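The values are calculated or read from the model by the stated rules, or taken from the named source; none is laboratory data. The structure presented is a predicted model; accordingly, all values stated were derived computationally and were not measured. As a convention, Cβ positions derive from the backbone with ideal geometry for all residues, glycine included, and neighbour counts pool all protein chains shown.
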């Protein structure tokens, strides 16, 4: 059919409007809808909405009657299927003549509310499961349906797809290779495939035939429509068809398919035999799709709908070819509740009856016990990232252990989550951000170099050579064996010596206890220390010389089925897989035995076991970019700070009543960062203690109690600090401002009482009013406490000159000025070391919090000599741990690292870049109402067009960012501000990762609508 022919037969909206009026007496707004064969229109009337379907010329009436019967059949089974309405003459299928004299058949169907699947963003696992469930319900309902038209010849039936073999000439050589690959595999299974169970199935649950509810957070499939492709075929084809479209656009196709398969199986139980074919059937549906698109380009180049799935279909085909077919099959089995590998249970029963002595495995070693070496993500033995990446140091630690326990064999690691695999080399882009192959699939035996390894079973050499082209891991040997029942399995031996290559040849038979190989030296395997990696596999997954030694924890049940625990042979207590406490158990204990007011971050809490730099690592080894933890000021577990604390802790840790160099040295370095007027230090343990002490000093100096503080300010968790914290006493559980606390409005230039740039004087006048209020009560002003950027208030920057005007008024009234630098200090704001310095003021007292200790409980109060003298009134101030040698060693090292690594400069440059880029995002995403902050103390606020807070959207954004591996949190008066205050080692690369994920999530439905 030529282009002109399609233009001639196409029905225009005005024609559809006339047809709706004449046949159904419907008058309303008409909108064109997509369709492959029919011309479809939405008719919106005042009473209801309808779908008008007008056929092409000379459509088969029996075919439309077939569809009508399906809908009537389903409606009796309580499925949400469209209802067919009769025309004014009582006909459910009407016949008209178009302007060219062609006969057209017309139907009117009820409209089912919902969004098209193709428009939904994001499509998460629970929605995929729900779609599978709904598709399964339809298959189950259609099981008893029969109709002659269901047995027609039909090109979209996978079982009849052999017609595609004749059209390979339409494609490029690369495309031909992909298509012929799947076609050849499909040809090869026809005999068994033809024997699979058959039934009438929908056969076309594509992304434009699926309707989804309007709920933007928890969407559900409301209906699967358009039964025009319904056919009698292998039942499993229906699952393959729907799955092919459901996974389009997903980075990890196999992972996206699994909740769908699971949902389908929950409603229509699949048979194990059927799952063998699912991988290839999905591909064959797409082979049909791209072949039809290629033909339709020639027939109807103006019909864009016919090519709507062409590009995404090719994308899936190309990437699906990279998915191992057997791995897909095992994954589908696991998703349906079967053991992933079909031979797993039989193999384990056989293996339980076998016994391999470790002494026979390593006959040249003399040991009488097995010692488990913990290399998991939470292992304290591994130490921090710098330590375990130091090959020489870790090798020394292993050698020392071996010397301490000469009669022990060191081993372990099966299903162990290891932190050193949380790197780019083991990363993939999953459907929710980066994922890492962190789970170890074998057992490591830490033994001396050249230790002989002997065969645990008879078998033959499957392969022996280096891992690919990389000699860093030494040669790898793989043996193939079989059980008494003929079940094949493989054993792998990694990190061998180069001399092992000369011992055996491929295909050679080996007997039990034969010499196989020798363990390689560090120079040969590139690892910490000589060891053997031993692994068992039930399938090589098309690998010929090697096999993955680590896997993604998300699919551990699949991989542990393919790679059973080697200890099934050794049966040694020391090799038992360690079981960590589940998140649910930890949560239950917290609820029952920890303070009820303790909170957890995120809707689904994280179990964090390790930190390094800008990252935190959970119990699966997944690393999260931390944009929240300003306490880890110079990076989580900075090795220099850890070392400084460890070294001093090993010598002395006592109170400050003794002379010690550390307290003087730290105080000296700290005071170098302050104006000369601030020259006295008191060391404490936390920001709360620092502010508590500052308030005591203020009252001691002024002999007054009345303090002025900022709305939504937060200064700590002690009684006095809570009394100064509007964030607490004006929030949940609070009882309002105490008698001696006087709150002034949050000086928010975006949504505050006064808006715009020149608001300092207006906001400062409220301080004057509170001073007058205090005086009117016959009392004096004690002081004014203010963060240099208001943190819990939503990262609110103070207006220019606000702090200067505030200080002038307070001092004129005889009060002191406290700068709360707990969050903003130590170079974080970039342009200055302390936040107050941005405002050209010198406080009387400055409070510093845990960032100075990089997470160690260390804080300080710095004040003028006059304030210090007034506080020293004879009552001793003593703090057992404030200023102890360990804390002071850590604090001094933190200051030195900030200087050596130029972290203040980094905060200025990276923070400036990030702020500029966030401001640019306001144009495409106007939901970002305001961007503010300085250095690496930034925030942005989500508001509507009227500057009203969008609290739910902010919470959604923070939780979705966590899903993608980035930790953020909300704050502000209305909890609609996202705050960014990461460790100071945050880089441009980290900033770009944050920005890219923000862009991705800001496009999601809940944020957009």
Which count do you get for residues in the range 122-151 that are in a loop (DSSP other than H, G, I, E, B) and surrounded by fewer than 16 Cβ atoms within 10 Å (Cβ to Cβ)? 3
Does the range 110-120 contain at least one residue that is modelled with pLDDT under 95 and more than 27 Å from residue 40 (Cα to Cα)? no
Looking for something in contact with a strand residue (DSSP E or B) (Cβ under 7 Å, 6 or more places away or on another chain) and either under 30 Å from residue 265 (Cα atoms) or at pLDDT below 95 (or both) - is there at least one such residue anywhere in the range 166-187? no
Is the range 322-330 home to any residue that is in the same structural domain as residue 186 (by TED's automatic domain parsing), assigned to a loop (DSSP other than H, G, I, E, B) and in contact with a helix residue (DSSP H, G or I) (Cβ under 6 Å, 6 or more places away or on another chain)? yes
What strands (runs of 3 or more DSSP E), lying completely within the range 199-238, carry at least 3 residues that are within 21 Å of residue 114 (Cα to Cα)? 210-212, 221-224
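Of everything in the range 540-551, what is closer than 14 Å to residue 340 by Cβ and surrounded by 21 or more Cβ atoms within 10 Å (Cβ to Cβ)? Give them in sequence order.
If the condition is that a residue be closer than 14 Å to residue 340 by Cβ and surrounded by 21 or more Cβ atoms within 10 Å (Cβ to Cβ), then 551 is the only one that fits.
Here is a check on your reading of the model: is residue 505 surrounded by fewer than 22 Cβ atoms within 10 Å (Cβ to Cβ) and at pLDDT 95 or above?
Working: surrounded by fewer than 22 Cβ atoms within 10 Å (Cβ to Cβ): yes; at pLDDT 95 or above: no.
Here the answer is no, as residue 505 does not meet what is asked.
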Could you check the range 825-864 and list, in sequence order, the residues that are closer than 24 Å to residue 645 by Cβ and in a loop (DSSP other than H, G, I, E, B)? 825, 826, 827, 828, 833, 849, 854, 855, 856, 857, 858
(1) closer than 18 Å to residue 241 by Cα; (2) part of a helix (DSSP H, G or I): which one isn't true of residue 154, the others all being true? (2)
Single residue of the range 967-991 satisfying the filter (under 21 Å from the mean Cα position of the chain (by Cα) and free of Cβ contacts under 8 Å to residues at least 60 places away in the same chain) that is nearest to residue 909 (Cα to Cα): 989
Among the residues of the range 398-412, write down those that are out of contact with any strand residue (DSSP E or B) (no Cβ under 7 Å at 6 or more places or on another chain) and either at pLDDT below 90 or crowded, with 19+ Cβ neighbours inside 10 Å (or both). none
Give me the pairs: first residue in the range 922-935 and more than 19 Å from residue 788 (Cα to Cα), second residue in a strand (DSSP E or B) and modelled with pLDDT of 95 or more, beta-carbon distance under 7 Å, and six or more apart or on different chains, which are they? 922/928; 922/931; 927/942; 928/940; 928/942; 929/941; 929/942; 929/943
So which residues in the range 439-450 are surrounded by 22 or more Cβ atoms within 10 Å (Cβ to Cβ) and not in a strand (DSSP E or B)? 441, 442, 447
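Okay, residues lined up against (1) under 26 Å from residue 964 (Cβ atoms); (2) in contact (Cβ under 8 Å) with a residue 60 or more places away in the chain; (3) outside the structural domain of residue 993 (by TED's automatic domain parsing); (4) assigned to a helix (DSSP H, G or I):
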{"residue": "383", "(1), (2), (3), (4)": "no, no, yes, no"}
{"residue": "402", "(1), (2), (3), (4)": "no, no, yes, yes"}
{"residue": "410", "(1), (2), (3), (4)": "no, no, yes, no"}
{"residue": "434", "(1), (2), (3), (4)": "yes, yes, yes, no"}
{"residue": "461", "(1), (2), (3), (4)": "no, no, yes, no"}
{"residue": "464", "(1), (2), (3), (4)": "no, no, yes, no"}
Looking only at the range 75-113, and only at residues there that are free of Cβ contacts under 8 Å to residues at least 60 places away in the same chain, outside any strand (DSSP E or B) and within 53 Å of the chain's Cα centre (by Cα), the one that is surrounded by the most Cβ atoms within 10 Å (Cβ to Cβ): 93
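Return yes when residue 995 is touching a strand residue (DSSP E or B) at 6+ places or on another chain (Cβ under 9 Å), under 30 Å from residue 832 (Cβ atoms) and assigned by TED's automatic domain parsing to the domain that holds residue 629 and no when it is not. Please lay out each step first, then the result.
Details: touching a strand residue (DSSP E or B) at 6+ places or on another chain (Cβ under 9 Å): no; under 30 Å from residue 832 (Cβ atoms): yes; assigned by TED's automatic domain parsing to the domain that holds residue 629: yes.
Spelling it out, it is not the case that residue 995 is touching a strand residue (DSSP E or B) at 6+ places or on another chain (Cβ under 9 Å), under 30 Å from residue 832 (Cβ atoms) and assigned by TED's automatic domain parsing to the domain that holds residue 629.
When the residues of the range 341-355 are narrowed to those that are assigned to a loop (DSSP other than H, G, I, E, B) and closer than 29 Å to residue 324 by Cβ, which ends up modelled with the lowest pLDDT? Let's see the steps before the verdict.
Going through the range 341-355, the residues assigned to a loop (DSSP other than H, G, I, E, B) turn out to be 341-343, 353-355.
Those still in the list that are closer than 29 Å to residue 324 by Cβ too: 341-343, 354.
On the way: 341: 98, 342: 98, 343: 98, 354: 93.
Within the range 341-355, the match that is modelled with the lowest pLDDT is 354.
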Residues of the range 646-679 that turn out to be farther than 17 Å from residue 860 by Cα, touching a helix residue (DSSP H, G or I) at 6+ places or on another chain (Cβ under 8 Å) and part of a helix (DSSP H, G or I), as a count: 3
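Can you say whether residue 794 is touching a residue at least 60 places away in the same chain (Cβ under 8 Å) and on the phi > 0 side of the Ramachandran plot, as far as the supplied structure shows? Break it down stepwise before answering.
Values: touching a residue at least 60 places away in the same chain (Cβ under 8 Å): yes; on the phi > 0 side of the Ramachandran plot: yes.
So residue 794 passes the test.
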Looking at the range 153-178 only, could you name the residues that are surrounded by fewer than 16 Cβ atoms within 10 Å (Cβ to Cβ) and more than 20 Å from residue 314 (Cβ to Cβ)? 153, 160, 162
Quick check on the range 939-946. Is at least one of its residues touching a helix residue (DSSP H, G or I) at 6+ places or on another chain (Cβ under 6 Å), within 20 Å of residue 798 (Cβ to Cβ) and at pLDDT 95 or above? yes
Residue check for residue 737: in the same structural domain as residue 830 (by TED's automatic domain parsing), in contact with a strand residue (DSSP E or B) (Cβ under 8 Å, 6 or more places away or on another chain), without any contact (Cβ under 8 Å) to a residue 24 or more places away in the chain and farther than 20 Å from residue 690 by Cα: yes
The range 650-687, residues that are more than 15 Å from residue 879 (Cβ to Cβ), outside the structural domain of residue 879 (by TED's automatic domain parsing) and under 42 Å from the mean Cα position of the chain (by Cα): 650
Give the range 195-206 a look and list any residue that's surrounded by fewer than 20 Cβ atoms within 10 Å (Cβ to Cβ) and either within 36 Å of the chain's Cα centre (by Cα) or without any contact (Cβ under 8 Å) to a residue 24 or more places away in the chain (or both), or say none. 195
Could you grab me the full set of residues in the range 826-849 that are closer than 17 Å to residue 666 by Cβ and surrounded by fewer than 22 Cβ atoms within 10 Å (Cβ to Cβ)? 833
Can you tell me which residues in the range 500-518 are touching a residue at least 40 places away in the same chain (Cβ under 8 Å) and out of contact with any helix residue (DSSP H, G or I) (no Cβ under 7 Å at 6 or more places or on another chain)? 504, 505, 506, 507, 508, 509, 510, 511, 512, 514, 515, 516
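Identify all residues within the range 413-438 that are within 20 Å of residue 567 (Cβ to Cβ), surrounded by fewer than 24 Cβ atoms within 10 Å (Cβ to Cβ) and in contact with a helix residue (DSSP H, G or I) (Cβ under 7 Å, 6 or more places away or on another chain); write none if there are none.
Quick first cut of the range 413-438, residues within 20 Å of residue 567 (Cβ to Cβ) only: 413-418.
Still in the list and also surrounded by fewer than 24 Cβ atoms within 10 Å (Cβ to Cβ): 415, 418.
Scanning the range 413-438 gives a single hit, 415.
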